[in-house]
Every structure is written in structure tokens, then in C-alpha cells.
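The values are calculated or read from the model by the stated rules, or taken from the named source; none is laboratory data. These numbers come from a predicted model, not from an experiment. Heads up, the Cβs are rebuilt from the backbone with ideal geometry, glycines too, and the neighbour counts pull from every protein chain shown. Surface accessibility is based on the protein's heavy atoms, side chains included, excluding ligands, DNA and RNA. Shrake-Rupley method; radii C 1.70, N 1.55, O 1.52, S 1.80 Å.
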Protein chains: 2
Amino acid sequence: MSQAAAPLQQANCPLCQSLGGDLVYRNSRFRVIDALDADYPGFLRLVWNDHVREFSQLQRDDRLLCMDAVAHLEQFVLNTFKADKANLATLGNVVPHLHWHVIPRFVDDKHFPAPVWAAAKPGVGLVPKQQAILDTRSTWLPALRADLVRAFGT
Amino acid sequence: MSQAAAPLQQANCPLCQSLGGDLVYRNSRFRVIDALDADYPGFLRLVWNDHVREFSQLQRDDRLLCMDAVAHLEQFVLNTFKADKANLATLGNVVPHLHWHVIPRFVDDKHFPAPVWAAAKPGVGLVPKQQAILDTRSTWLPALRADLVRAFGT
């Protein structure tokens, strides 16, 4: 195996040592996982394979690729899940290894219009569109995978 | 005035009708504001001038420009404010007009490692590096403005 092709890894980083969720798609630069968030079905994450701390530390070509993929995931949650709004964030305070949260939001979900990290509205469970995402996972997950392969190769 | 050059605006949108903060920089495509967040000095926002709802609805060239500028702001908060971590997000649940939050985070700040939208740790005010951002605003703000003019024109 070429040394240059191996992702830069750090021994004590959870996103270097594990996929970080249920793998949807992977290429040499990044992977996409289903975060399996109990409150937010369809919450996707793009994880950069190399151990890079901050978004702006990517080389420009990698930044472009990264945001093409994030935009692709955003379009997916808007078009397929019929999300009312997409939320995008890269925080990394707990795990400082570049990853992007792509979150489908619904006007009646348990935090809307607050961010998903705010205090939840009491007594709100999954809303119908979120339940539908869970119920149709065996359909949309392979469709998303095929879509990413078409757009970003293998 | 050319019709094409006028930003797309919506009558009931606060980010179409006002700058949305203290203006640092503006060009024909986007502006940068100091959010004047009392808990997070140096919290910057990039606001797209046109009324665009979702990041992925930008044309690709505009997306590239937008993220070049966001990465530029991120480097600024890391290098100038010596932030321990940068946080980036575009949510828009309350104001669905494309804007990016660029937030300098410190390991002892009032939410760290949680997102700034989570419940605050009780009794934590501004930490010394945040107070320093406030105290040096008359220095860094014009430097940031000059830096953005150099990088993104007028």
C-alpha cells in the first residue's frame, strides 16, 4: 500500500479509529454515514478521512470537493426527505476531526426553530415526516449510496 | 441601475431589509458582519446578499466564493483571536436567508465543548481571551476589513 494513499490518522481519535456511524458511502477522501440519531432520522454526516482539525486547513481542491458533497447531501435531504429546512454545521469541539452535520429539519420537530442542540420542546417525539424517513430507510439509503457513487466515484 | 445587479430581495426578510449586524465588509455577492453577540465576542456572520434559502441553491461559482470567504473568516478567528476551535454553521430556521455563523470557541467558554446553542454552564462569563477580543476590537476589525478587501475586492 502506498504511504501517500493512507489516510492521515491519529491514535486517540474516534473518527480515525472507527467509521463514526452506519456507513453509507466512502471514497479515498471522505465518507458519508447515517448518524442513526434517534431524534433526527436522516441526520447524515460527512466525515473527512484524513485527520484534519479545521475546515480551513483543507487544501482548496479538497474544500471544494468537501462542500460539493455537503451540498449534494443537503439537496438529498431537501428533495428526498422533503425537509422544511436543511441545517449544516461543522463544530468538532468534542471530536476535532473534520466532519459535517447535515440535518433535515421540520417545522414541527422537537427543537424547531431552535438548533437541534438547544433544549427540546417537551413532549414532542418523532413527527410524521421523520417517522417516514425511518420507515423508508431500506429504500432511500441504497438510493443515496448509488447517487453518491454516481457523483463522487468509488 | 441595472436590474441584474440588484440583489434579490424579499419584503418580509430581516436580512433583506437590514444588514443584520455591524457591517465589517461588503461586496456585490456577500457581506460580513460582527454579530455583536454578548456571550461570543468575535462571532462573525457571512450574509449572502441575495435572498437564497439553502446553501445548495447557490450556483457552484457562488458556493465556491461563499466557502472561500467562510474559510477566510475561520482562519481569521483561529489566527487573530487564537480560538481553540472554530465552529461553522448555516441553520436559517428563524431567518431562512443564507448566512453562515463563524464562531471562535475557547475550551473554557460558557458552553464548551457543547455548541453555543446548548444550555450554558452556570456562572461562566467572558473568559480572558474573549475579553481580549472585545478590548482589541478597534484593532482587529479594521484589519479584518482590509484583509477581506484584499482577498475579495470591493
Next item on the list: Taking A:VAL124 as the residue in question, decide whether it is surrounded by 12 or more Cβ atoms within 10 Å (Cβ to Cβ), more than 14 Å from chain B (Cβ to nearest Cβ) and in a loop (DSSP other than H, G, I, E, B).
Entry: yes
Next item on the list: Name every residue in segment B:73-85 that is within 17 Å of B:VAL24 (Cβ to Cβ), open to solvent by 20 Å² or more (accessible area, probe 1.4 Å) and not in a helix (DSSP H, G or I), in order of residue number.
Entry: B:THR80
Notebook entry, point to check: How many of the residues in segment B:138-148 are open to solvent by 60 Å² or more (accessible area, probe 1.4 Å) and touching a strand residue (DSSP E or B) at 6+ places or on another chain (Cβ under 8 Å)?
Noted result: 1
Notebook entry, point to check: Restricting attention to segment A:22-67, which residues are open to solvent by 50 Å² or more (accessible area, probe 1.4 Å) and in contact with a helix residue (DSSP H, G or I) (Cβ under 7 Å, 6 or more places away or on another chain)?
Noted result: A:ARG29
Notebook entry, point to check: Quick check: is even one residue across segment B:86-108 in a loop (DSSP other than H, G, I, E, B), touching a helix residue (DSSP H, G or I) at 6+ places or on another chain (Cβ under 7 Å) and among the acidic types (Asp, Glu)?
Noted result: no
Notebook entry, point to check: Would you say A:LEU134 is open to solvent by 10 Å² or more (accessible area, probe 1.4 Å), over 30 Å from A:GLN10 (Cβ atoms) and touching a strand residue (DSSP E or B) at 6+ places or on another chain (Cβ under 6 Å)?
Noted result: no
Next item on the list: Could you grab me the full set of residues in segment A:46-56 that are more than 9 Å from chain B (Cβ to nearest Cβ) and within 23 Å of B:ILE103 (Cβ to Cβ)?
Entry: A:LEU46, A:VAL47, A:TRP48, A:HIS51, A:VAL52
Note to self: Suppose the filter is hydrophobic (A, V, I, L, M, F, W, C), touching a helix residue (DSSP H, G or I) at 6+ places or on another chain (Cβ under 8 Å) and closer than 24 Å to A:ILE103 by Cα; does B:CYS13 pass it?
What the structure shows: no
Next item on the list: May I ask you to say which residue of A:PHE43, A:PHE76 is more than 11 Å from chain B (Cβ to nearest Cβ) and more than 24 Å from B:LYS82 (Cα to Cα)?
Entry: A:PHE43
Check: Does A:THR139 meet the test of being farther than 21 Å from B:ARG105 by Cβ, in a loop (DSSP other than H, G, I, E, B) and either at pLDDT 95 or above or more than 12 Å from chain B (Cβ to nearest Cβ) (or both)?
Finding: no
Check: So is B:VAL70 touching a residue at least 24 places away in the same chain (Cβ under 8 Å), open to solvent by less than 30 Å² (accessible area, probe 1.4 Å) and in a helix (DSSP H, G or I) or not?
Finding: yes
